[in-house]
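Q: I'd like to ask some things about the structure below.
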4 protein chains.
Amino acid sequence: MSGTATPTRPEALSAEKESEVRASFARQGLMRTIGAELAALGPGRCSIAVPFSENVGQQQGFFHGGVIGAAADSAGGYAALSLLPVGSEVVTLEYKINFLRPAAGDRLSAEASVLRAGRSVTVTRIDVFVEAGGKRSICAALQQSIMRALS
Amino acid sequence: MSGTATPTRPEALSAEKESEVRASFARQGLMRTIGAELAALGPGRCSIAVPFSENVGQQQGFFHGGVIGAAADSAGGYAALSLLPVGSEVVTLEYKINFLRPAAGDRLSAEASVLRAGRSVTVTRIDVFVEAGGKRSICAALQQSIMRALS
Amino acid sequence: MSGTATPTRPEALSAEKESEVRASFARQGLMRTIGAELAALGPGRCSIAVPFSENVGQQQGFFHGGVIGAAADSAGGYAALSLLPVGSEVVTLEYKINFLRPAAGDRLSAEASVLRAGRSVTVTRIDVFVEAGGKRSICAALQQSIMRALS
Amino acid sequence: MSGTATPTRPEALSAEKESEVRASFARQGLMRTIGAELAALGPGRCSIAVPFSENVGQQQGFFHGGVIGAAADSAGGYAALSLLPVGSEVVTLEYKINFLRPAAGDRLSAEASVLRAGRSVTVTRIDVFVEAGGKRSICAALQQSIMRALS
């Protein structure tokens, strides 16, 4: 990707922002239900990982598309939130997901980055990888719009 | 919506097709995990309902977008599958979801219908409603592509 | 579709709103270039029609997908604008388009309706029909987000 | 972007494939209508450029979203076609476009790359840049599915 860096994007998150994002993640019942963890977080970036279990499978024993979507949607939301002032709230306006291959593996990793941080709407792209036997393949790709909630 | 009826769409599902769809639904670990039920099924139509519980919530206590996406994605897939010969398999190619309002309520209902059944790709639309105190509001809208798996 | 009527949606457009929309349409160079006309306009609804010519074709002699997208995008934007106060401006945040069959015919008709009019974002659906020999078929379906421009 | 290279992707296009793509581009009436040119072409990559003229504008004098979508859709289709055997035909199944900023400038450049080339469906991403006074900014981002036409 190219041409999308926000000039003023900081090198690292403030401790206050980081703990705010982690506290928000911890309050999401669904993330607990599917066993998701916040694997990485930085300015305009967030990764969420999900280990495989039967609870997150579909009828053929792969990761269910709904789990892929949920992990990716959350990763994108936190990537957007990471660039906003402490105390901001965000909502997902929409996303589009393309499934690229069956998500057969031990671990899912949804990796989000901010493509454009606007005044009220932030657009992100999220790549989702599945790991099987040490090999990592892209299994889904998303484009998402996040809106800063009006308070 | 208009103009989209497939002329040869049958009046009702065969018993064999209905039991095939129900058996596939029962094998989806994630649907069990989130407490989803197959609420209605017909030729080119499928509804999936999810009662609210903390397990399916986000940080503000509403239905998590990932649950909305998962229920809707499955409903669209089964609406498409309902029009294919017994023994067919389908995969989701992609979907786009717009969130229309916070999904605050007791029960979610994802209602899918087939917009166009092509030879290899079926396009569906899914409306997702949330019920709160007897009132029903649309909270999300999707457009989805389902591909008949090559065997 | 169901459950989406805005309770306060008026029966008809004011004369002032109608002339504002028509003036905006007339200023769009591309609409002139492709020969598009504003075929119908009402509260939360807009149709744009395009007669076939070689100028709007693709390599097989059908309507080009870009013309379908342009007409549909404009129809959705004006459907959204029709519900906003006179003097408002809108921009398209995003849309998703599914092509349902080849757009082979004499005339294209993009028919937009507002699914949800929010405070800052309006979501529309647009059905695009192609007419050939008096028969009308749906050839594309869109879901779109329109934002009220901040002034 | 990462993890998406097709191992067998060739270093360069064959002369036969290149002339096939250029001939297909030349047959697209709409590309001529909007003044588009095929700026670059390689295995899994295609760029289409459009100089600004009033013919491709919207009501504020920027590039019309329909022109952005048309150029990007064609670029993605040719990126996909570049990896298929000579004589293949493709159709766009769907795309999703996010508009990131007003496309104000002298020249538009839609740059497509293949994210995943499957047996029947190829998924691409397209970044669209606008150039103004020597500065280049991303103005739109797409995700698209292209299907190999059955013959």
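The values are calculated or read from the model by the stated rules, or taken from the named source; none is laboratory data. If you're wondering where the values come from, they're calculated on a predicted model, not measured in any experiment. Here the Cβ is made from the backbone with ideal geometry for all residues, glycine too, and neighbour counts use every protein chain on show. We work out accessible area using only protein heavy atoms, side chains counted, and drop any ligands, DNA or RNA first. Shrake-Rupley method; radii C 1.70, N 1.55, O 1.52, S 1.80 Å.
Q: Give A:PHE62, A:PHE129 a once-over and let me know the one that is of a type in the set (A, V, I, L, M, F, W, C) and within 14 Å of chain B (Cβ to nearest Cβ).
A: Criteria check complete, one pass: A:PHE62.
Q: So which pairs qualify, if the first residue must be in region B:27-44 and at positive phi, the second must be among the small types (Gly, Ala, Ser), the Cβ gap must be under 7 Å, and the two must be at least 6 apart or on different chains?
A: As it stands, the answer is B:GLY35/B:SER53; B:GLY44/B:ALA79; B:GLY44/B:SER82; B:GLY44/B:SER113, since those pairs meet every condition given.
Q: A follow-up question, please. Tell me, please, whether a residue that is under 27 Å from B:ARG125 (Cβ atoms) and in contact with a Ser or Thr (Cβ under 6 Å, 6 or more places away or on another chain) can be found in region D:127-139.
A: no
Q: Shifting gears a bit: Checking A:GLY118 against (1) within 11 Å of chain D (Cβ to nearest Cβ); (2) modelled with pLDDT of 95 or more, which test does it fail?
A: Exception for A:GLY118: condition (2).
Q: Still on this structure, I have one more. Grab the strands (runs of 3 or more DSSP E) fully contained in region A:15-107, keeping just those with 3 or more residues being open to solvent by less than 10 Å² (accessible area, probe 1.4 Å). Break it down stepwise before answering.
A: Numbers: elements: A:37-42, A:45-51, A:90-99.
By residue number, A:45-51, A:90-99.
Q: Do the conditions hold for D:VAL114, that is, is it touching a residue at least 40 places away in the same chain (Cβ under 8 Å), touching a strand residue (DSSP E or B) at 6+ places or on another chain (Cβ under 8 Å) and over 25 Å from A:ILE138 (Cβ atoms)?
A: When the stated conditions are applied, D:VAL114 does not pass them.
Q: Which residues, taken from region C:128-151, are aliphatic (A, V, I, L, M) and either touching a Lys or Arg at 6+ places or on another chain (Cβ under 8 Å) or outside any loop (DSSP other than H, G, I, E, B) (or both)?
A: C:VAL128, C:VAL130, C:ALA132, C:ILE138, C:ALA140, C:ALA141, C:LEU142, C:ILE146, C:MET147, C:LEU150, listed by residue number.
Q: Moving to a separate point now. In region B:81-99, which residues are within 13 Å of the chain's Cα centre (by Cα) and of a type in the set (Ser, Thr, Tyr)?
A: If the condition is that a residue be within 13 Å of the chain's Cα centre (by Cα) and of a type in the set (Ser, Thr, Tyr), then B:SER82, B:THR92, B:TYR95 are the ones that fit.
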